[in-house]
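A short write-up of the structure that comes next.
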Amino acid sequence: MALLDPTGFGLAALGGLLFVGLSVGSFLNVVIHRLPIMLMRTWRREAAAELGAAGDDRPAERFNLAVPRSHCPACGESVKAADNIPILSWIRLRGQCASCTAPISLRYPLVELLGALAAFAAVWVFGLTWIALAAAVYLWVLIALACIDLESGLLPDQLTLPLLWCGLLANMPGAFTPLASAVVGAAAGYLLLWATYWGFKLVTGKEGMGYGDFKLYAAIGAWLGWQALPAVALLAAVAGILYALPPILLGRRDRNAPIRFGPFLAAAGSLALIFRTESTWLLGV
């Protein structure tokens, strides 16, 4: 599919895309921060119940993607609506809490910007169609997964598995690749990394990656088809090497320290979608 000329869209359409993308990026920040905490709390409760450990009898405070309201983790002050405008509020506040001046991570405006860029990229490639909406969802979820893995080392099933199934559903009418290619891509994506994991473990006795990586690669295969998997693996591996090698050579990183592979898979999977054509993949078949 040929790339579209972005100048062909009116200002209203471009403004709408910007608003939607920034708003989704703001929500992704909530997901990135809260989902790992929600999972950890659930695992602790389940572990305590399984072990028969005494727990706190007080009712647990509600904590999910909707409540409590956004607040500063340093002082606990709720974030006012005027201080919660994507990107602009961070710039106006100079990256600090309005109440206690504690630093606000640069990740927040960056994710908001990436959310907007993902929306523009999807429409740039696929036009104002339902396929563009599906592509934007794919890119948005990859952004969340990459950031969660970077910050916590987790690739939650709550995101990877729905992403996989949504890819298969989107390809029932062949949105990005024929359904058969998507099914093979999902299976091959999982099995390739699963086999790599066990081969590495048998040879070295160490775990080279986590099962979340298998599921993420399978999800990418479900969206893009098996033909895209070699290109995605190559791009992710090269990016991972370029990221880890300089600090190792400079003695600033232990050569045995694990590398979180999810962000590189997510980045490669994003590029493979954006820079595709009808018959070829970037560096692929």
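The values are calculated or read from the model by the stated rules, or taken from the named source; none is laboratory data. All values derive from a computational prediction rather than experimental measurement. Every residue, glycine as well, gets a Cβ built from its backbone with ideal geometry; the counts of neighbours run over all protein chains shown. Side chains included, ligands, DNA and RNA excluded: accessible areas come from the protein's heavy atoms. Shrake-Rupley method; radii C 1.70, N 1.55, O 1.52, S 1.80 Å.
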### Summary
Within segment 112-141, restricting to residues that are under 27 Å from H71 (Cα atoms) and touching a Pro at 6+ places or on another chain (Cβ under 9 Å), the one that is most open to solvent (accessible area, probe 1.4 Å) is L113
### Task
Identify, from the list P73, P68, the residue that is touching a Lys or Arg at 6+ places or on another chain (Cβ under 8 Å) and open to solvent by 30 Å² or more (accessible area, probe 1.4 Å).
P68
### Task
Could you please tell me which pairs satisfy a Cβ distance under 6 Å, a separation of 6+ or placement on different chains, a first residue in segment 217-233 that is open to solvent by 10 Å² or more (accessible area, probe 1.4 Å), and a second residue that is assigned to a helix (DSSP H, G or I) and of a type in the set (S, T, N, Q)?
W226/S181
### Message
Could you check segment 67-120 and list, in sequence order, the residues that are in contact with an Asp or Glu (Cβ under 7 Å, 6 or more places away or on another chain) and β-branched (V, I, T)?
### Response
I87
### Neighbours by Cβ (under 7 Å, 6+ apart or cross-chain): first from segment 37-48, part of a helix (DSSP H, G or I); second open to solvent by 50 Å² or more (accessible area, probe 1.4 Å)
A48/G55
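Table: residues versus (1) within 16 Å of the chain's Cα centre (by Cα); (2) among the hydroxyl-bearing types (S, T, Y).
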{"position": "D149", "(1), (2)": "yes, no"}
{"position": "P173", "(1), (2)": "no, no"}
{"position": "G185", "(1), (2)": "no, no"}
{"position": "T196", "(1), (2)": "no, yes"}
{"position": "A218", "(1), (2)": "yes, no"}
{"position": "G221", "(1), (2)": "yes, no"}
{"position": "W226", "(1), (2)": "no, no"}
### Query
Which of the residues that make up segment 124-161 are more than 25 Å from F19 (Cα to Cα) and touching a helix residue (DSSP H, G or I) at 6+ places or on another chain (Cβ under 8 Å)?
D149, L150, E151, S152, L154, L155, P156, D157, Q158, T160, L161
### Query
Which pairs do you get when a residue that is over 13 Å from L128 (Cα atoms), found in segment 10-27, comes within reach of a residue that is small (G, A, S) and buried (at least 16 other Cβ atoms within 10 Å of the Cβ), reach meaning Cβ atoms under 6 angstrom, with the pair 6+ apart or on two chains?
L18/A116; V20/A119; G21/G115; G21/A116; G21/A119; L22/A116; V24/G115; G25/G115
### Task
Scan segment 138-155 and give yes if some residue there is among the acidic types (D, E) and touching a Gly at 6+ places or on another chain (Cβ under 7 Å), otherwise no.
yes
